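Data block below; observations after.
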Amino acid sequence: MTPQDQQQQQAPIQSVPTRETVKEENKIHLFLAYGGNVFGIPLALIPFLTVKDDEYIKWHAKQALVIFAATFAIMLISIPLSFIVIGICTAVVGGIGGLVLSVLGLVKALNGERWRIPVLSDLADKF
């Protein structure tokens, strides 16, 4: 066994992030997925339920639905707390956070990337 073979066996295999080619007709589905969150409407249901053959679109639609659900849950939790400053701050931070995650998700999706949000992407993978 040559020294080069030994180095190849010892070196861990590094995965290179891949970019997928986004078709023009799929861009509207990606916009619906993440864009609905910006307007407070779960439009991600449209590509999630209608697109059957494109795993890239379904993956982003699931992630957008989880972002919407998390933002909605934060808003529901902050309603009973709204009489104190903590509830108002929670609503503002949750709303801005959901908006930022949706815009970043849309930009990454249109560039052909699968951006994994630490907790939310794990939830999206489960359904």
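Rule-based calculations on the coordinates, nothing more; no lab input. Computed from a predicted model, the values in this text were never measured in an experiment. A quick note on method: Cβ atoms are made from the backbone with ideal geometry, for glycine too, and the neighbour counts reach across all protein chains shown.
Overview of values
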item	result
The chain - mean residue ellipticity at 222 nm from DSSP helices (-39,500 (n - 2.57) per run, n ≥ 4, rounded to 500)	-22500 deg cm²/dmol
Calculated from backbone phi, Karplus (6.51, -1.76, 1.60) coupling profile of the range 104-119 in Hz, x at Gly/Pro	5, x, 5, 4, 5, 5, 5, 8, x, 10, 9, 8, 8, 8, x, 8
Note, ³J(HN,Hα) from phi for the range 25-40, Karplus 6.51, -1.76, 1.60, rounded to Hz, x at Gly and Pro	6, 7, 5, 5, 5, 5, 5, 4, 4, 8, x, x, 5, 5, 9, x
20 Å Cα cut-off, lysine pairs counted over the chain (separation 8 or more, or different chains)	14
Calculated diffusion of the chain, Stokes-Einstein form, Kirkwood radius summed over Cα pairs, 37 °C and 0.692 mPa s, µm²/s	201 µm²/s
Rounded FRET efficiency, nearest 0.05, which uses the C-beta distance separating Arg116 from Ile96 and R0 of 25 Å	0.75
Net length gained if the chain between Ile74 and Val103 were fully extended (0.36 nm per residue, minus Cα distance)	8.6 nm
Amide H within-cut-off set for Val51, under 5 Å, with H built and near neighbours excluded	none
